[in-house]
Amino acid sequence: MAERGILAVVSGFAGSGKGTIMQELLSRYDNYALSISATTRAPRAGEEHGRHYFFVSTEEFERMIREDALLEHARYVSNYYGTPKAYVEEKLSEGKDVILEIEAQGALLVREKYPDAVLLFVMPPDVNELYHRLKTRGTETEEVIRKRMARAAEEAELIVKYDYLVINDDLDECVARVRTILQASHERTGRQAERLNTIKEQFKLFLKEEK
Ligand code: 5GP
């Protein structure tokens, strides 16, 4: 049986570039699976159902909540977002490291349910850079950008609860740092209870034989 994968949560302000980092990670390595969220937000130009998100109606989303099909969900700037549970569980048991790209409220809910999850927060070098990135992306109106900036300020308060804060100043370096963090997480003692028990048993046997 494959060793169970790691659940990694990656959050970052809208415009932090976390999406690009995740795409790079996925294209370079084959041990990661990116969870696809459900949302009630309308698709942006170029976004595809089942690839970027599962775009669903509010009724459908609320049905998923009732049926306990979501690992977590949150509201973000007037829309629902949530992580379908089945895919995450399936990939973790296949031994894949599963990445959830979700906002802070959801991230903290994941931590409650999966205390082993690794939480990373990706941030651009400064706030002006963030505003600039949202502006040049050109997918949102000024009003929505303002709301997203306000939400980012709220989210900043929750960053201390994350395990890692990664500054996205250079894409390649940032991808490398995230990769290192995820690899190191495999070696955490909490994940190696079985190995630890075996060693302890071996010590017992050894000391018994010594007598
Ligand atoms: P966007 O509308 O820009 O695609 O996403 C808005 C925010 O919702 C981002 O911070 C994104 O990471 C977050 N998000 C996307 N999917 C989920 C999800 O399944 N659960 C939660 N809690 N947040 C999500």
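The values are calculated or read from the model by the stated rules, or taken from the named source; none is laboratory data. No experiment lies behind these values; they were computed from the predicted model shown. Backbone-built Cβ (ideal geometry, glycine too); neighbour counts: all protein chains shown. Heavy atoms of the whole protein, side chains included, go into the accessibility calculation; ligands, DNA and RNA do not. Shrake-Rupley method; radii C 1.70, N 1.55, O 1.52, S 1.80 Å.
List of remarks:
- Leading residue by the ranking (farthest from Lys96 (Cα to Cα)) among those in segment 1-37 that are more than 9 Å from the ligand (Cβ to nearest atom) and basic (Lys, Arg): Arg28
- Condition check for Arg111: without any contact (Cβ under 8 Å) to a residue 12 or more places away in the chain, more than 8 Å from the ligand (Cβ to nearest atom) and among the basic types (Lys, Arg): no
- In segment 83-100 there is no residue that is over 16 Å from Tyr32 (Cβ atoms), open to solvent by less than 10 Å² (accessible area, probe 1.4 Å) and among the aliphatic types (A, V, I, L, M).
- Tabulated pairs, segment 51-77, first touching a residue at least 40 places away in the same chain (Cβ under 8 Å), second among the acidic types (Asp, Glu) and within 12 Å of the ligand (Cβ to nearest atom), C-beta under 9 angstrom, 6+ apart or interchain: Tyr76/Glu103
- Qualifying positions in segment 187-197 - surrounded by 10 or more Cβ atoms within 10 Å (Cβ to Cβ) and within 11 Å of Asp116 (Cβ to Cβ): Arg188, Arg191
- The residue that is nearest to Val110 (Cα to Cα), counting only those in segment 125-157 that are open to solvent by less than 50 Å² (accessible area, probe 1.4 Å) and in contact with a helix residue (DSSP H, G or I) (Cβ under 8 Å, 6 or more places away or on another chain), is Glu155.
- Selection within segment 38-60: residues that are over 18 Å from Glu101 (Cα atoms) and outside any loop (DSSP other than H, G, I, E, B). The member of this set that is farthest from the chain's Cα centre (by Cα) is Glu59.
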